[in-house]
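Structure first, commentary second.
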Amino acid sequence: MEQRRTSLFENGLIWFGAGVSIAEILTGTYFAPLGFGKGILAILIGHVIGCALLFLAGLIGGRVRKSAMETVKMSFGQKGSLLFACLNILQLVGWTAIMIYDGSLAAAEAAPAASWVWPLVIGGLIIVWIMIGLQSLGKINSVAMVALFGLTLVLCWVIFTKDPVPAAAEEAMSFGAAVELSAAMPLSWLPLISDYTREAERPCAATAVSAITYGLVSCWMYVIGMGAAILTGTSDIAQIMVKAGLGMIGLLIIVFSTVTTTFLDAYSAGVSGETVFPKLSGRMMAIVAAVLGTVCAIAFPITNITDFLYLIGSVFAPMVAVLIADFFILKKDSSGLTFDLTNLAVWLVGFVLYRLLMHVDFILGNTLPDMVITVLICLAVHKLRPAKQ
């Protein structure tokens with residue numbers, strides 16, 4: 001939507017804000033039954049896998065100066081890419097609703113209000129962020145990130161200096177399932193990272209900074225959530241903040257972490273919307289996405305998001321696998337075609353394979369084997385049919 005090139009610092013700020021998230025803290029609480037040692041190992045392995053793929057996806061958009069959904073045309077054709085653009089818009093509106101819902105519930109614990117109040121406050125702030133624009137957020141984002149950094153340090157101190165509370169026994173997820181859940185968050189950003197790296201002054205460096213910054217901060221959020229659940233005996237982060245007497249500090253963490261993360265979802269919904277509706281304003285479509293997310297957050301209870309995360313992975317992991325094979329190995333560009341039926345068929349095989357692998361307990365999760373197999377299938381198919389689509 002804007003043209004000025006972004007600096008490494010600005011890209012780092014964007015992805016710091018993406019990582020500081022109540023949703024990531026809440027996801028981290030699921031790791032508590034594994035214990036600190038196994039839990040941290042699963043978090044690290046999953047994030048290495050997810051962020052390596054995030055880097056490759058962002059590098060494609062950065063090098064060709066195209067948004068995430070525009071790069072999809074290079075593998076699936078002009079019309080074939082619309083399937084993924086539409087699915088991406090839906091998942092981004094869904095993420096917007098989930099983030100606003102989680103943030104509102106947590107904010108209501110710190111400052112009780114009618115059920116519609118906090119969604120409107122958070123949704124309104126997201127719209128303000130969108131109206132200011134990605135390129136004009138520099139100083140505001142800097143202040144917000146410094147504040148969030150300080151506040152999350154306070155949150156860490158409160159959680160990790162509490163005396164442990166004996167927790168009720170819970171059924172531990174397998175290590176492989178934990179790795180997959182750890183990889184799921186960075187994977188959820190695959191279909192939109194290029195929306196930001198395409199405008200970077202130094203695409204490769206900016207993509208690396210983005211993936212590393214997000215990975216480190218996301219791991220930190222997961223560990224906060226896991227530590228809170230282990231040491232306090234509860235997975236309710238808002239209750240932890242309230243019981244610890246954080247009050248206004250806790251409220252600020254909740255609201256601004258929700259805004260800085262969810263802004264990216266709504267913004268990218270607008271960028272993807274430009275692929276589907278090129279004559280419409282991306283900024284206006286981003287605002288519409290924020291409004292729809294706010295309405296859904298008010299109207300529907302959104303509790304467990306793990307199935308949603310796995311659905312995103314099953315759609316977009318094989319999509320990115322095909323992109324990686326085409327761009328880095330085959331050096332192939334299908335953007336001149338209406339449909340690349342071969343790649344669409346390979347993606348469908350990858351999608352079905354992902355859903356099947358969800359029932360297999362592999363120690364490194366199911367995203368990595370799914371993407372490796374999808375890449376190999378893509379290479380094999382195009383080796384057999386090098387000149388036909």
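Under the classification rounded if a/c is under 1.5, otherwise prolate if a/b is larger than b/c and oblate if not, where does region 54-110 fall, given a ≥ b ≥ c as square roots of the Cα gyration tensor eigenvalues?
Taking the square roots of the gyration eigenvalues as a ≥ b ≥ c, region 54-110 is oblate.
Among the lysines in region 8-303, how many pairs, 8 or more places apart or on different chains, have alpha carbons under 21 Å apart?
So the count works out to 5.
Could you tell me the center-to-center distance, by alpha carbons, between region 1-55 and region 349-374 in angstrom?
Centre-to-centre (Cα) distance: 21 Å.
Quick one: grab the alpha carbon gyration tensor of region 263-389, order the square roots of its eigenvalues as a ≥ b ≥ c, and give me rounded if a/c is under 1.5, else prolate or oblate depending on whether a/b is larger than b/c.
Verdict is oblate for region 263-389.
Amide H neighbours of Ala200 under 5 Å, at least 5 residues apart or on other chains, H built in the peptide plane: list them.
So Ala200 has HN proximity to Thr6.
For the chain, take the longest principal axis of its alpha carbons; what is the angle in degrees between that and the long axis of helix 248-276, to the nearest 10 within 0 to 90?
Tilt relative to the chain: about 20 degrees.
Could you work out [θ]222 nm for the chain from helices alone, using -39500 (n - 2.57) per DSSP H run of at least four and dividing by all its residues? Round to the nearest 500 deg cm²/dmol.
That comes out to -24500 deg cm²/dmol.
Please work out how much length the chain gains when fully extended from Ala380 to Ile132, using 0.36 nm per residue of separation minus the C-alpha to C-alpha distance, in nm with one decimal.
Details: separation 248, 0.36 × 248 = 89.28 nm, distance 4.70 nm.
Full-extension gain reported as 84.6 nm.
Within the set of other residues whose C-beta is less than 12 Å from the C-beta of Arg202, count the net charge using Lys and Arg as +1 and Asp and Glu as -1.
-1
In debye to the nearest 20, how big a dipole does the chain give about its Cα centre with +1 on each Lys and Arg Cβ and -1 on each Asp and Glu Cβ?
Numbers: 21 positive and 22 negative charges, 250 e Å.
Rounded to the nearest 20 debye, it is 1200 debye.
Looking only at Ala147, Ala183, Ala32, which one moves most when the chain is put into a Gaussian network model with springs between Cα atoms under 10 Å?
Ala147
For the chain, what is the per residue volume of the convex hull drawn over the alpha-carbon atoms, in cubic angstrom?
121
Taking the chain as a Gaussian network, where each spring joins two C-alpha atoms under 10 Å apart, which residue of Phe16, Phe76, Phe308 fluctuates the most?
Maximum among the listed residues: Phe308.
Can you give the FRET efficiency for Ala299 and Arg355, using 1/(1 + (r/R0)^6), R0 = 25 Å, r = Cβ-Cβ distance, to the nearest 0.05?
Rounded to the nearest 0.05, the efficiency is 0.30.
Which of Gly17, Gly233, Gly61 moves the most in a Gaussian network model of the chain with Cα springs under 10 Å?
So, out of Gly17, Gly233, Gly61, the one fluctuating most is Gly233.
Using alpha carbons only, how many degrees (0 to 90, rounded to 10) separate the axis of helix 341-357 from the longest principal axis of the chain?
40
Once the dipole of the chain is set up with Lys and Arg at +1 and Asp and Glu at -1 on Cβ about the Cα centre, which of Leu379, Gly293, Tyr30 lies farthest towards its positive end?
Leu379
For region 1-86, what is the per residue volume of the convex hull drawn over the alpha-carbon atoms, in cubic angstrom?
Looking at region 1-86, the number lands at 150 Å³ per residue.
Just how far, in whole angstrom, is region 61-123 from region 329-343 if you go by their alpha carbon centroids?
When both Cα centres are located, 27 Å separates them.
Expressed as an acute angle from 0 to 90° and rounded to the nearest 10, what is the orientation of the C-alpha long axis of helix 203-232 relative to the principal long axis of the chain?
In the chain, helix 203-232 runs at an angle near 40 degrees to the longest axis.
Nearest 0.05, what FRET efficiency do Ala111 and Lys38 give at R0 = 30 Å with Cβ-Cβ as r?
Details: r = 36 Å, r/R0 = 1.21.
Calculated transfer efficiency: 0.25.
Throughout, read-outs are computed from the coordinates displayed, never taken from laboratory work. Values in this document were obtained by computation on a predicted structure and should not be read as measured data. Reconstructed Cβ throughout: ideal geometry from the backbone, glycine too, with neighbour counts over all protein chains shown.
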